[in-house]
Amino acid sequence: MDRTHITQQTSSAVSLRGELAHDAPAPKPARSATFHGPLQWALEGHGWGALRPTVDLLAGLLAVALALGSVHSVLHPGAQEAPLLALPPLVLVLFYVRGLYRTRMRTLVLDGIVPAVGAISVAAMAVAVGGKLANGEMPAQSQWLRAFVFTLLLAGVGRVALAWAQRWARSRRLVGKPVLILGAGIVGAQVARRLDGRPEYGLAPVGFLDEEPRSVVEVGGRDLPILGTIDDVDETVRRTGATNLIVAFSTAADARVSRLVQHCQELGVEVSVVPRMFDTINDRVGYDTVGGLPLLSFSAVNPKGVQFALKHVFDRVLASLTLIVCAPLLLCAALAVRISSPGPVFFKQSRVGRDGKIFSLYKLRSMRLPDEDALLAEQGGGALDFLLAGDVAPGGVEGEDRRTSVGRFLRRASIDELPQLFNVLKGEMSIVGPRPERPEFVELFRQDIARYGDRHRVKSGITGWAQVHGLRGQTSLAERVEWDNYYIAHWSLGLDLKILALTLTALFHDAE
């Protein structure tokens, strides 16, 4: 299981409103597992472990057949073509070595591109060398190259199809794994809420184990029962059909929790742990030992180091190229804004960037100018009160909808954001980073949202890790902060490229 996304939680007070446990007269019965049938077996059960290598093997065999020109050549290859038949099984072996068959919480195609391409490339080179050693000559260059390209394409298509099928079934709650959570406190409730709200993770919370006498915990608008204590795990697993256990923070002694983990492994229940000090952990954690005592070492990202300096050079180069390519589009959009309603073409607004510095953010104007009464109402704080109702970030359409017809289209297509490329050229923003906020909101959010100010360690971005996960407009502010700080802690050039790829996909979804 990929535990990266579980360890992204924060202790934000706003995100926990309504999630704390409350008393009830009697415990509710455990919700038993409801995932059955061939779809569950194929996409979540034992079938999933066989389905992926089977699809990869068939893709490889088809690629070799296409490279050789016929199925007959595969069944009756000549001496020169025979080494190509080793390509499909060799790809499977290298996929296994690279961890591409490891069970993960989310099947992300982008995460598998680099190791898959590397494994197929190594396999193809090994086939060529093997042919040279066995026959004194390599396979025909054209056939070898076709086999390599077709394997890349067909294996990619097969893996994308499987990932899409699993995500589709999970998001409709047709398949999944029942999960118990140890610890019904703040962190346990956060884990349950995130899993319940994002079924694509494939884990369906059925209840908690906890040492406290509470009976239910409110999670995402519904109650999850506390099914017992650590001592009741056998009966609880039997009744719920739970296949996974997530260990959050509990009042139970560490020795009891350790014995629980070992016992669950004996029962065949997969165990994941939300570690202490999770706010300081990233994917650069090192492991060492002192005798039999394990030690974890943490490596932090330096936003003012050489790596980020190179990132900012890349930002300016990419911004310049994008402006050149999009110049006709930007010119047409500006002309449409000018014609559609009176007022300036560009909209400027003060935002807070790196180290708390205020700058003017540029957008194409998408709204008609407010009349004097509406402007006075906004200055009087009505809009501020509306936006700060609950855990909702500002953005999108605030108060009266003043969008023009042209503005609606510009927002849906995110064309109104293009002028921020000038902010990037000026060094005020980055292509990828946390979205900047207005100064008046920043001062309020610093007081209420844990680690909100940590977002300002890096330059603000046109797109970001939170935005590509659907947190745009008036969405959960606490979740945005979590994703933004996760991005900073785990930053790499590869993560930036992944976000850019996901941004292109997100452009096909409407934005306000």
Filter result for Val301 (of a type in the set (A, V, I, L, M, F, W, C) and loosely packed, with under 11 Cβ neighbours inside 10 Å):
no
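Check every one of the strands (runs of 3 or more DSSP E) wholly within the range 168-271 and list those with 3 or more residues that are more than 27 Å from the chain's Cα centre (by Cα) and not aromatic (Phe, Trp, Tyr). Even if it seems obvious, please write down each step before you answer.
On the way: elements: 177-182, 203-209, 216-219, 222-228, 244-247.
The strands (runs of 3 or more DSSP E) meeting that bar are 222-228.
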Here the qualifying pairs (Cβ atoms under 7 Å; residues six or more apart or on different chains; first in the range 234-250 and more than 20 Å from Glu44 (Cβ to Cβ); second assigned to a helix (DSSP H, G or I) and of a type in the set (Val, Ile, Thr)) come out as Val247/Val257; Val247/Val261; Ala248/Val187; Ala248/Val191; Phe249/Val187; Ser250/Val257
State which residue pairs qualify: first residue closer than 19 Å to Leu61 by Cβ and inside the range 106-128, second residue part of a helix (DSSP H, G or I) and at pLDDT below 75 in any location, beta carbons under 9 Å apart, and separation of 6 or more residues or different chains.
none
Filter result (buried (at least 16 other Cβ atoms within 10 Å of the Cβ) and of a type in the set (Gly, Ala, Ser)) within the range 248-283
Ala248, Ser250, Ala252, Ser272
Going by the structure shown, is Phe314 assigned by TED's automatic domain parsing to the domain that holds Ala489, surrounded by 13 or more Cβ atoms within 10 Å (Cβ to Cβ) and assigned to a strand (DSSP E or B)?
no
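If you go through the range 128-160, how many residues are among the aliphatic types (A, V, I, L, M) and touching a helix residue (DSSP H, G or I) at 6+ places or on another chain (Cβ under 7 Å)?
Residues meeting the conditions: 8.
Here's the yes/no breakdown for (1) of a type in the set (Phe, Trp, Tyr); (2) surrounded by fewer than 21 Cβ atoms within 10 Å (Cβ to Cβ); (3) within 22 Å of Met277 (Cβ to Cβ):
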{"site": "Ser460", "(1), (2), (3)": "no, no, no"}
{"site": "Gly464", "(1), (2), (3)": "no, no, no"}
{"site": "Glu479", "(1), (2), (3)": "no, no, yes"}
{"site": "Gly494", "(1), (2), (3)": "no, yes, no"}
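Restricting to the range 18-43, and then to whatever is at pLDDT 90 or above and farther than 23 Å from Pro89 by Cβ, can you tell me which residue is surrounded by the most Cβ atoms within 10 Å (Cβ to Cβ)? Give the derivation first.
Here is the first cut: in the range 18-43, the ones at pLDDT 90 or above are 38-43.
Add one more test, that the residue is farther than 23 Å from Pro89 by Cβ, and what stays is 38-41, 43.
On the way: Pro38: 9, Leu39: 16, Gln40: 19, Trp41: 15, Leu43: 23.
My answer is Leu43.
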State yes or no: is Gly118 on the phi > 0 side of the Ramachandran plot and exposed (fewer than 13 other Cβ atoms within 10 Å of the Cβ)?
no
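Please verify whether the range 417-431 includes one or more residues that are acidic (Asp, Glu) and either within 28 Å of Val187 (Cβ to Cβ) or in a helix (DSSP H, G or I) (or both). Write out each step before concluding.
Our first condition is that a residue be acidic (Asp, Glu); within the range 417-431, this holds for 417, 428.
Subset that is either within 28 Å of Val187 (Cβ to Cβ) or in a helix (DSSP H, G or I) (or both): 417.
For the range 417-431, residues acidic (Asp, Glu) and either within 28 Å of Val187 (Cβ to Cβ) or in a helix (DSSP H, G or I) (or both): present.
Going by what's in this entry, would Ala134 be described as surrounded by fewer than 15 Cβ atoms within 10 Å (Cβ to Cβ) and farther than 29 Å from Leu39 by Cα? First the steps, then the outcome.
Numbers: surrounded by fewer than 15 Cβ atoms within 10 Å (Cβ to Cβ): yes; farther than 29 Å from Leu39 by Cα: yes.
Yes; evaluated as a whole, the condition is true for this residue.
Listed residues Leu100, Leu90, Leu94; which is outside any helix (DSSP H, G or I) and assigned by TED's automatic domain parsing to the domain that holds Ala134? Spell out how you get there, then give the answer.
Numbers: Leu90 fails: outside any helix (DSSP H, G or I); Leu94 fails: outside any helix (DSSP H, G or I).
Every option except Leu100 fails the conditions.
When you scan the range 339-352, do you find a residue that is charged (D, E, K, R), in contact (Cβ under 8 Å) with a residue 60 or more places away in the chain, part of a helix (DSSP H, G or I) and surrounded by 12 or more Cβ atoms within 10 Å (Cβ to Cβ), even just one?
The first filter runs over the range 339-352 and keeps only residues charged (D, E, K, R), leaving 348, 351.
Within this subset, residues satisfying the condition of being in contact (Cβ under 8 Å) with a residue 60 or more places away in the chain are 351.
Cutting the leftovers down to part of a helix (DSSP H, G or I) gives us none.
No; the residues of the range 339-352 include none that is charged (D, E, K, R), in contact (Cβ under 8 Å) with a residue 60 or more places away in the chain, part of a helix (DSSP H, G or I) and surrounded by 12 or more Cβ atoms within 10 Å (Cβ to Cβ).
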Being in contact with a Gly (Cβ under 9 Å, 6 or more places away or on another chain) and at pLDDT 90 or above is the requirement here; does Leu58 meet it?
yes
Got at least one residue in the range 250-258 being over 30 Å from Arg102 (Cα atoms) and either in contact with an Asp or Glu (Cβ under 7 Å, 6 or more places away or on another chain) or assigned by TED's automatic domain parsing to the domain that holds Leu493 (or both)?
yes
Scanning for something within 30 Å of His46 (Cβ to Cβ), modelled with pLDDT of 90 or more and out of contact with any Phe, Trp or Tyr (no Cβ under 7 Å at 6 or more places or on another chain), does the range 214-224 turn up at least one residue?
no
Looking at Ala128, is it over 18 Å from the mean Cα position of the chain (by Cα), closer than 26 Å to Leu84 by Cα and part of a helix (DSSP H, G or I)?
yes
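The values are calculated or read from the model by the stated rules, or taken from the named source; none is laboratory data. As the structure is a computational prediction, the values presented were derived from the model and not from experiment. Note that we place each Cβ from the backbone using ideal geometry, even for glycine, and neighbour counts take in every protein chain shown.
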